[in-house]
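Q: Take a look at this one; I'll ask things after.
Readers should treat all values here as calculations from the given coordinates under stated rules, not as data from a laboratory. Bear in mind that the values here come from a model prediction, so they are computed numbers and not experimental data. Glycine gets a Cβ as well: all are built from the backbone with ideal geometry, and neighbour counts include every protein chain shown.
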Amino acid sequence: MESVARGSGGSAGSNFAALFTPKLFTVLREGYGLADFRADALAGLTVAVVALPLSMAIAIASGVTPDRGLYTAIVGGFLVSALGGSRFQIGGPAGAFIVLVASTVAAHGVEGLILATMISGLIMAIVGLLRLGSYVKFIPYPVTVGFTAGIAVIIFASQIKDLLGLTVAGKEPGPILPKLQVLAASLPTVTPAAVAVSAATVLIIVGVKKLRPGWPGMIIAIAVAATAAALLGLPVETIGSRFGAMPASLPLPALPDVTFSKVAAILPNAIAFALLGSIESLLSAVVADGMTGRRHRSNCELVAQGVANIGSGLFGGICVTGTIARTVTNVRAGAHGPIAGMMHSLFLLLFLLVAAPLAAYVPLAALAGVLAVVAWNMAEKHEFATLLRASKGDALVLLATFLLTVFRDLTEGIVVGFTIGALLFIHRMAENAGVQADVPVPLDDVPDEIEDRGRFDAGLASDPDLVVYRISGALFFGAASTVGAVLDRIADQRKAFVIDFSAVALLDSTGAHAIEGAARKAARRNVAMFVTGASPATRHMLVTHGVREPLVRYRASIADAVDEIRNKDLPV
């Protein structure tokens, strides 16, 4: 954790303050000047430019009007940044929720969606206050990659109609197989102008990212598409033709109708929202931590996400969560702290107040092109391929989660994937438990000199530039976060450090991913990292996940690594 409360030692009050103080207060307490505000304002504007088309596109894909996406980013995004436990988190509507939101709207209407959003916020706030946020880290890495890739497939499938300008007879089905059958039957109704607009949108976004990565490719593509459609009179559907004029202000806060029967009906949806929102938000915060070297407060973040969802629902918005792409954009734009996220919401509010009528000219094919790019980027293709190669167990968890997410249900995919991952871990641990028959077990204690083991080297304890870290037991998804946090602190202060794997009985993909993150952080800080004692299976898993030379140096023993560190001029 980045900071702790001072003064009252281990009292309950100080501990509560350390866990739940928003990072906004931490940043202001550290000292906040005009230069910091300028950096945050510029970052906020950059993120708002990215969030504007995305918020409307995600809302439309979710089965609601585009203004509700903006309400979500304005109200929910502001509360996430103001109250959250991450310095850089950007909140708003997320592509991961499209499937759940659309199914909720289809089953319970917009009123049911708003009620489910608010109840999910209450659940998330309670989970955070009960300090259960740290348990979200127990979701195995293959599960997160599997459901993220599955969501990407569903998002793309949901945009085929607008990408091609198809006319569908009746209502477009929600499940993917019936959806594809209906879309295939509608192919004769394809609109060439819509195809041209969507293709041009994708090409502009990809081209700008490649040629001018600092420019806002999405907003440029949307502006070009809207201008071309209006000037050339293209026969394409627009936001205005489907939804009418955009409201030019926030609505007044209002509570939905609440009855016992309605709450009981939408409770499963609310629980699914809370589960996915917790996972997405904390994953986004972890990504920001990895980029900046900071540490977020997971329980504080969940409380803020809960309040943000309640606030979003009050103003007619949809589900709020931390958004990885916008958070990464915020960090890369030079944000100093949470005020950047608050400014992003204020810039979106300014657009709503001043330029809302312009949104009516935006072609739906252009927004579909934006979401097609989002789906491609969020599919985590490299991680997916890596996990398929890593081990049969990880591949099974990945494919089960992915296929169930695509063809059945997102929540079912997460639950089944987690269950299979837990069962495989138990099986692996059982296989590693045994007695080596060829090694005698002494009945009594024996002097050190009789045993074949290395002596304690007092020099290791007194060398401020060197530390040896021995990992023992199973380095799996439940321990990866703790080990990663320790290694992060070591990498901040040392010239070199050694990680000894000789006592590691099991390493899974989540543990290897944590080691890879620590190694990259060490490399960015010019800290040399050595790996010793790794068995062939452990080394294969590490190398598969990118922990390879020259990022790290593999040596047979701690002594070999220490000799090399002391005898060579390593970077300081």
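Q: Projecting each Cα onto the charge dipole of the chain (Lys/Arg +1, Asp/Glu -1 at the beta carbon, about the Cα centre), which of A152, T401, L42 comes out farthest on the positive side?
A: Selected residue: L42.
Q: PRE reach from S472 (point 7 Å along Cα→Cβ): which of segment 493-525 fall under 15 Å by backbone N?
A: Hits in segment 493-525 for S472 at 15 Å: 500-506.
Q: If you don't mind, another one. Once Lys and Arg get +1 and Asp and Glu get -1 on their Cβ, which of G233, Y141, G174 lies farthest toward the positive end of the dipole of the chain?
A: Farthest towards the positive end: G233.
Q: So if each residue of separation counts as 0.36 nm, and I subtract the Cα-Cα distance between R38 and V153, what length gain in nm does that give?
A: Details: separation 115, 0.36 × 115 = 41.40 nm, distance 3.90 nm.
Computed gain between R38 and V153 is 37.5 nm.
Q: Pairs of Cα atoms under 8 Å, at least six residues apart: use those to get the relative contact order of segment 381-431, whole percent. Spell out each step's value before the answer.
A: Numbers: 32 pairs, mean separation 13.7, N = 51.
Over segment 381-431, the number comes to 27 percent.
Q: Apply the membrane-span-like helix rule to the chain: whole DSSP H runs, Cα extent along the own long axis of at least 30 Å, mean Kyte-Doolittle hydropathy at least 0.5. List the helices found. The partial results should precede the final answer.
A: Working: long enough: 34-61 (39 Å, 1.66); 98-129 (32 Å, 2.00); 141-164 (35 Å, 1.35); 260-292 (46 Å, 1.35); 410-432 (33 Å, 1.03).
Membrane-span-like by this rule: 34-61, 98-129, 141-164, 260-292, 410-432.
Q: Same structure again: With +1 on each Lys and Arg Cβ and -1 on each Asp and Glu Cβ, how big is the dipole of segment 150-258 about its Cα centre, in debye rounded to the nearest 20?
A: Rounded to the nearest 20 debye, it is 340 debye.
Q: What FRET efficiency comes out for L403 versus H427 if R0 is 25 angstrom and r is the Cβ-Cβ distance? Round to the nearest 0.05.
A: On the way: r = 21 Å, r/R0 = 0.85.
Efficiency at R0 = 25 Å is approximately 0.75.
Q: Also, I was wondering about something else. State which entries of K161/K210; K23/K521; K179/K381; K209/K521; K23/K392 exceed 31 angstrom in Cα-Cα distance in the structure shown. All intermediate terms of the calculation are to be shown ahead of the outcome.
A: Values: K161/K210 28 Å; K23/K521 23 Å; K179/K381 24 Å; K209/K521 25 Å; K23/K392 41 Å.
In this structure, K23/K392 lie more than 31 Å apart at Cα.
Q: To continue, here is another question. Run the quick spin-label model on K392 and V354: label points 7 Å from Cα toward the beta carbon, then report their separation in nm to one decimal.
A: A separation of 6.2 nm, rounded to one decimal place.
Q: Specify the inter-centroid distance of segment 93-129 and segment 351-383, based on alpha-carbon positions, in whole Å.
A: 21
Q: Out of all DSSP beta bridges in the chain, what portion is antiparallel? Express it as a percent rounded to 5.
A: Working: 3 of 20 bridges.
Percentage antiparallel, nearest 5: 15.
Q: Still on this model: Among T510, T323, T238, which comes first, then next, by fewest other beta-carbon atoms within 10 Å? All intermediate terms of the calculation are to be shown ahead of the outcome.
A: Numbers: T510 26, T323 30, T238 21.
Sorted ascending by nearby Cβ count, the order is T238, T510, T323.
Q: So what is the relative contact order for segment 24-378, in percent, with contacts set as C-alpha pairs under 8 Å and at least six apart?
A: Numbers: 672 pairs, mean separation 147.5, N = 355.
It comes to 42 percent, rounded to a whole number.
Q: Which semi-axis lengths, in whole Å and largest first, follow from the square roots of five times the eigenvalues of the Cα gyration tensor of the chain? Could you put the intermediate results ahead of the total?
A: Details: eigenvalues 412, 141, 114 Å².
Output for the chain: semi-axes of 45, 27, 24 Å.
Q: How much mean residue ellipticity at 222 nm does the chain get from its helices, if each DSSP H run of length 4 or more adds -39500 (n - 2.57) and you divide by all residues, to the nearest 500 deg cm²/dmol?
A: On the way: 24 runs with 359 residues, N = 572.
Value at 222 nm, helices only, nearest 500: -20500 deg cm²/dmol.
Q: From the square roots a ≥ b ≥ c of the eigenvalues of the alpha-carbon gyration tensor of segment 381-431, which class results: rounded (a/c under 1.5), prolate (a/b over b/c), or oblate? Each step should come with its number before you reach the end.
A: Details: a/c = 3.20, a/b = 1.24, b/c = 2.58.
Oblate, because a/c is 1.5 or more while a/b does not exceed b/c.
Q: Using 0.36 nm per residue of separation minus the Cα-Cα distance, give me the extension gain between T482 and A18 in nm, one decimal.
A: Values: separation 464, 0.36 × 464 = 167.04 nm, distance 1.81 nm.
Separation in residues times 0.36 nm, less the Cα-Cα distance, equals 165.2 nm.
Q: List the relative contact order of segment 53-123 as a percent without decimals, with contacts defined as Cα pairs under 8 Å and 6+ residues apart. Before the final figure, lay out each step's value.
A: Details: 70 pairs, mean separation 20.6, N = 71.
Dividing the mean separation by the residue count of segment 53-123 yields 29 percent.
Q: Determine, from the Cβ-Cβ distance of L267 and E380 and an R0 of 41 Å, the FRET efficiency 1/(1 + (r/R0)^6), rounded to the nearest 0.05. Numbers along the way, then the final one.
A: Numbers: r = 31 Å, r/R0 = 0.75.
The calculated FRET efficiency here is 0.85.
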